[in-house]
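Structure first, then comments.
The values are calculated or read from the model by the stated rules, or taken from the named source; none is laboratory data. Computed from a predicted model, the values in this text were never measured in an experiment. Cβ coordinates were reconstructed from backbone atoms using ideal geometry, including for glycine residues, and neighbour counts include every protein chain displayed.
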Amino acid sequence: MFKLNLINSPNFLFDEKIIDKIRKTINKKIEISQKWTLNIVFVDDEHIKELNKNYRQKDAVTDVLSFHYFDDFSWLKTNEIAWEIILNEWKIKSQAIEYWLWEDGEFYKLIIHSILHILWYDHEKDEDFEIMNKFENLIWKEIFEKNKKI
């Protein structure tokens, strides 16, 4: 199971226990080796725009960037840093309003989505989108709807 490092905290509340549930659920549902460390970093609009331009050739502010630093993880030692998620706190806040979610809900959605990207899931083609979307929904339901009493 991968280890998670929160490098800096956002200016909104979230539950670290839910982040741990996301981590554990992904480990259980996705059959890809996950024995390394994932860093989560929050940055501002300017910084994420610069990263987006440098790494994706897109001159725009975005909500999240996911990086997996190696194509072959076989030589990495357990718990070495292999991945990083860069999040734009202000975009999370504005998207939460736009999508009628709490800020932490938008944050959890982006974490799930980003970790799936890091684990080689994509949504460029329709069939890939369907697979990735299926896992996102499965993980979300497992964490947020499984024990919900109606």
If you go through segment 43-86 one residue at a time, how many are farther than 20 Å from ILE115 by Cα and exposed (fewer than 15 other Cβ atoms within 10 Å of the Cβ)?
12
Please list, ordered by first then second residue, the pairs with beta carbon atoms under 8 Å, 6 or more apart or interchain, first in segment 126-146 and under 21 Å from PHE14 (Cβ atoms), second at pLDDT 85 or above and among the charged types (D, E, K, R).
GLU136/LYS109; TRP140/LYS109; ILE143/LYS21
Qualifying positions in segment 6-40 - closer than 23 Å to ASN88 by Cβ, in contact (Cβ under 8 Å) with a residue 40 or more places away in the chain and either surrounded by fewer than 16 Cβ atoms within 10 Å (Cβ to Cβ) or in contact with a Gly (Cβ under 6 Å, 6 or more places away or on another chain) (or both)
ASN11, PHE12, LEU13, ASP15
Unmet requirement for SER114, which otherwise passes all of (1) without any contact (Cβ under 8 Å) to a residue 24 or more places away in the chain; (2) out of contact with any helix residue (DSSP H, G or I) (no Cβ under 7 Å at 6 or more places or on another chain)
(1)
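For (1) buried (at least 19 other Cβ atoms within 10 Å of the Cβ); (2) among the hydrophobic types (A, V, I, L, M, F, W, C); (3) over 24 Å from ASN5 (Cβ atoms), each residue gets a yes or a no:
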position	(1), (2), (3)
TRP90	no, yes, no
TYR108	yes, no, no
ILE111	yes, yes, no
ASN137	no, no, yes
ILE143	no, yes, no
Considering residues of segment 86-144 that are over 27 Å from PHE70 (Cβ atoms) and not in a helix (DSSP H, G or I) only, the residue farthest from the chain's Cα centre (by Cα):
TRP100
Which members of segment 12-39 meet the condition of being part of a helix (DSSP H, G or I) and β-branched (Val, Ile, Thr)?
ILE18, ILE19, ILE22, THR25, ILE26
Counting only residues that are among the β-branched types (Val, Ile, Thr) and without any contact (Cβ under 8 Å) to a residue 40 or more places away in the chain, segment 89-111 contains a total of 1
